[in-house]
1. Within the stretch 228-285, take every residue that is part of a strand (DSSP E or B) and in contact with a His (Cβ under 7 Å, 6 or more places away or on another chain) and give me the one that is nearest to residue 327 (Cα to Cα).
2. Please find, among 267, 284, 277, the residue that is touching a residue at least 12 places away in the same chain (Cβ under 8 Å) and more than 18 Å from residue 77 (Cα to Cα).
3. Being part of a loop (DSSP other than H, G, I, E, B), touching a Ser or Thr at 6+ places or on another chain (Cβ under 9 Å), of a type in the set (S, T, N, Q) and closer than 23 Å to residue 30 by Cα narrows it down to one of 171, 201, so name that one.
4. Name the residue that is modelled with the highest pLDDT, counting only residues in the stretch 199-214 that are more than 10 Å from ligand 1 (Cβ to nearest atom) and on the phi < 0 side of the Ramachandran plot.
5. Which residues, taken from the stretch 44-63, are at pLDDT 95 or above and either assigned to a helix (DSSP H, G or I) or within 21 Å of residue 118 (Cα to Cα) (or both)?
6. Are any of the residues in the stretch 71-85 farther than 19 Å from residue 106 by Cα, more than 16 Å from ligand 1 (Cβ to nearest atom) and surrounded by 17 or more Cβ atoms within 10 Å (Cβ to Cβ)?
7. Looking at the stretch 304-312, is at least one residue assigned to a loop (DSSP other than H, G, I, E, B) and surrounded by fewer than 20 Cβ atoms within 10 Å (Cβ to Cβ)?
8. If you scan the stretch 32-62, which residues turn out to be under 19 Å from the mean Cα position of the chain (by Cα) and charged (D, E, K, R)?
Amino acid sequence: MDMPVKPEAPKALTDTFGRKITYLRLSVTDRCDLRCTYCMAEDMVFLSKSHVLSLEEMLELCEAFMARGVRRIRLTGGEPLVRKNIIWLIRKLGQHVEAGTLDEITLTSNGTQLPHMAQDLYDAGVRRINISLDTLDAEKFHKISRRNRLEQVLEGIAAAKAAGLQVKINTVAMRGVNEGEIASLLQWASGEGFDLTLIETMPLGDVEGGREDTYLPLTAVKTELDKQFELTPSIHRTGGPARYFTLDGSDAKLGLITPLTNNFCDGCNRVRVTCTGRIYMCLGQDDHVDLMAALRSENKNAALSEALDTAMGLKPRGHDFAMSDGKMVGKVNRHMSHTGG
Ligand code: SAM
Ligand code: SF4
């Protein structure tokens, strides 16, 4: 008698360089209530709703990734918390964490919606959150984000802490903008029990005035910080591109994300999906595959799996961001808010 054929388990997502893809960043909206100068133009044109995946489709996509070995999902944007009913998707993903089919659901947020959403996030299963904050000075905050919301963001950070969320602060380091404030931001964050990660500006999409004038290499920032803090290299990794240092022998950590001064692509374990369902295998390259078409096709499971295989074949070795003769090179035309930070 013929033995029944056991269906083959779908194979883990692995690219042509042998890197396993276990981390998905999903941009749930390209919209935002701030207009950070390095990220967007003031008059950004946002996508119409008809071009954006529904939350139900986003859940299906996440589950297709989980079936192929993705263990961590970060929701981002735009501002993920301005997407209507986003808590529904977060709850669904939180249930996967509870069931052990996912290790973690997390978010990157600008913090403005946290005063009223932090507790809901915790209740939905979120335990860690990255909050972007470039300054503690209200006027400077207004200048950087083109909106007067520092107080609201600080309230949001406090609400996140009170709800029991582990907070990491993300700060884009900018010459002549917040470079004089980085040491005090670090001091503030460690006093609050938050890790702080500094990010070099990347050439993603057009913004007014260009980015070269405010580009600040983190090598220079680290040299300055070394004069004030005892920074010890740490083996701590969060699956992201940051290299970490412990601060003055404490538990507090400083992370450095250095796409321009120190390429970190070798260990890349992630892919990004836009709110229109395009999968980008690299923040800094244009290759992509349309998962929306697969998701909306008749035989969607097979179509999605095939599309993911195609995507794996296209994952490049890394980005080409660099400074050359005072110019940022390797630019891509998509804004970070579109691909998802
Ligand atoms: N709105 C959320 C926020 O601000 O945290 C999530 C999306 S935002 C695009 C994600 C991260 O990307 C933020 O920390 C932001 O500072 C960073 N970012 C945006 N544009 C960037 C750029 N051109 N270079 C480097 N970082 C950038
Ligand atoms: Fe919005 Fe985040 Fe971009 Fe700022 S960095 S404009 S908060 S998406």
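The values are calculated or read from the model by the stated rules, or taken from the named source; none is laboratory data. Fair warning: this is a prediction, and the values are worked out from it, not measured in the lab. Neighbour counts run over all protein chains shown; Cβ positions are idealised from the backbone, glycine included.
1. 280
2. Testing whether each residue is touching a residue at least 12 places away in the same chain (Cβ under 8 Å) and more than 18 Å from residue 77 (Cα to Cα) leaves just 267.
3. Every option except 201 fails the conditions.
4. 214
5. Matches in the stretch 44-63: 55, 56, 57, 58, 59, 60, 61, 62, 63.
6. Within the stretch 71-85, none of the residues are farther than 19 Å from residue 106 by Cα, more than 16 Å from ligand 1 (Cβ to nearest atom) and surrounded by 17 or more Cβ atoms within 10 Å (Cβ to Cβ).
7. For the stretch 304-312, residues assigned to a loop (DSSP other than H, G, I, E, B) and surrounded by fewer than 20 Cβ atoms within 10 Å (Cβ to Cβ): absent.
8. Those that are under 19 Å from the mean Cα position of the chain (by Cα) and charged (D, E, K, R): 33, 35.
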